[in-house]
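Report on the structure given below.
The values are calculated or read from the model by the stated rules, or taken from the named source; none is laboratory data. Predicted model only: the values in this text are computed from it and were never measured. Neighbour counts run over all protein chains shown; Cβ positions are idealised from the backbone, glycine included. Ligands, DNA and RNA are excluded from the accessible area calculation, which covers all protein heavy atoms including side chains. Shrake-Rupley method; radii C 1.70, N 1.55, O 1.52, S 1.80 Å.
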Amino acid sequence: MKSFKQYFFEAINGPKIIMIGGPGAGKSTYSEIITKKLNIPHIYTGDMMRQLAKQDTPDGRRVKDLLSKGQFAPLSIVINAVKERVSKPDAQKGYVFDGFPRNVEQAQRMEKEGIEYDHVINLVVSEEEVIKRLTARGREDDKPEIIKKRLAVYEKETRPLLDYFKNEIINIKAEGSTPEAIANEIIKKVK
């Protein structure tokens with residue numbers, strides 16, 4: 001049962017959402033629609049790390065080197081960037097994390113560092129739909145065999161997050177309707 005204070009706080013502030021889903025689930029698509037409708041920031045760590053890699057700083061050079069090798073930025077750098085981003089005034093009323101945390105280690109570190117969230121949305125999409133969506137993009141690395149490998153990596157690395165957040169997960173069927181309708185369904189669940 002929520003207290004009046006919690007209801008009041010939620011009424012003036014938007015939700016703090018973690019968006020989880022495999023490749024092609026629509027994390028960025030739905031995040032963009034939701035953040036526009038709720039006027040809260042879309043926090044995509046992939047873009048944040050690419051921006052950092054353009055900076056001539058020790059962290060920037062390190063991230064640039066790792067990204068150029070197809071590796072991920074170190075967790076400490078990602079966490080520091082996220083902490084800095086959520087401390088900005090526009091994030092005080094809510095935000096949507098797009099694909100962060102990516103694994104249980106990131107989730108544990110995020111909680112240890114006091115990075116808040118209210119809802120965990122799991123975008124549920126069939127493998128056939130993912131292949132259809134990603135091959136339609138026409139990118140070089142969006143071939144069915146490569147997509148299946150990316151799905152296997154997702155299952156191994158990210159799927160354990162569903163167990164970690166099992167008491168907080170809101171499953172959303174993210175296919176069979178328009179992106180707008182699916183985003184509206186998510187908004188209904190988090191308001």
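Worth pointing out:
- Candidates are the residues of the range 106-116 that are among the charged types (D, E, K, R) and not in a helix (DSSP H, G or I); the one that is least open to solvent (accessible area, probe 1.4 Å) is 113.
- Number of residues in the range 54-78 that are of a type in the set (Val, Ile, Thr) and either within 21 Å of residue 118 (Cβ to Cβ) or open to solvent by 70 Å² or more (accessible area, probe 1.4 Å) (or both) equals 1.
- Within the range 79-105, the set of residues being open to solvent by 10 Å² or more (accessible area, probe 1.4 Å) and part of a helix (DSSP H, G or I) comprises 80, 81, 83, 84, 85, 86, 89, 90, 104, 105.
- Leading residue by the ranking (farthest from the chain's Cα centre (by Cα)) among those in the range 36-45 that are part of a helix (DSSP H, G or I) and buried (at least 16 other Cβ atoms within 10 Å of the Cβ): 38
- Total residues in the range 85-105 satisfying the condition of being within 15 Å of the chain's Cα centre (by Cα), of a type in the set (Gly, Ala, Ser) and more than 22 Å from residue 191 (Cβ to Cβ): the figure is 1.
- Selection status of residue 128, farther than 18 Å from residue 33 by Cβ, touching a residue at least 24 places away in the same chain (Cβ under 8 Å), open to solvent by 40 Å² or more (accessible area, probe 1.4 Å) and not in a strand (DSSP E or B): no
- Per-region count, the range 176-187, residues open to solvent by less than 60 Å² (accessible area, probe 1.4 Å) and polar (S, T, N, Q): 1
- Note on the range 81-104: residues that are farther than 21 Å from residue 32 by Cα and either modelled with pLDDT of 95 or more or among the hydrophobic types (A, V, I, L, M, F, W, C) (or both) total 1.
- Filter result (touching a residue at least 60 places away in the same chain (Cβ under 8 Å) and not acidic (Asp, Glu)) within the range 87-106: 92, 93, 94, 95, 96, 97, 99, 100, 101, 104
- Yes/no for residue 169 being closer than 25 Å to residue 67 by Cα and modelled with pLDDT of 90 or more: no
- Qualifying residue in the range 163-175 (condition: among the hydroxyl-bearing types (Ser, Thr, Tyr), within 17 Å of residue 23 (Cβ to Cβ) and surrounded by 13 or more Cβ atoms within 10 Å (Cβ to Cβ)): no
- Selection count where residues are open to solvent by 60 Å² or more (accessible area, probe 1.4 Å), outside any helix (DSSP H, G or I) and closer than 19 Å to residue 28 by Cβ, scope the range 141-162: 1
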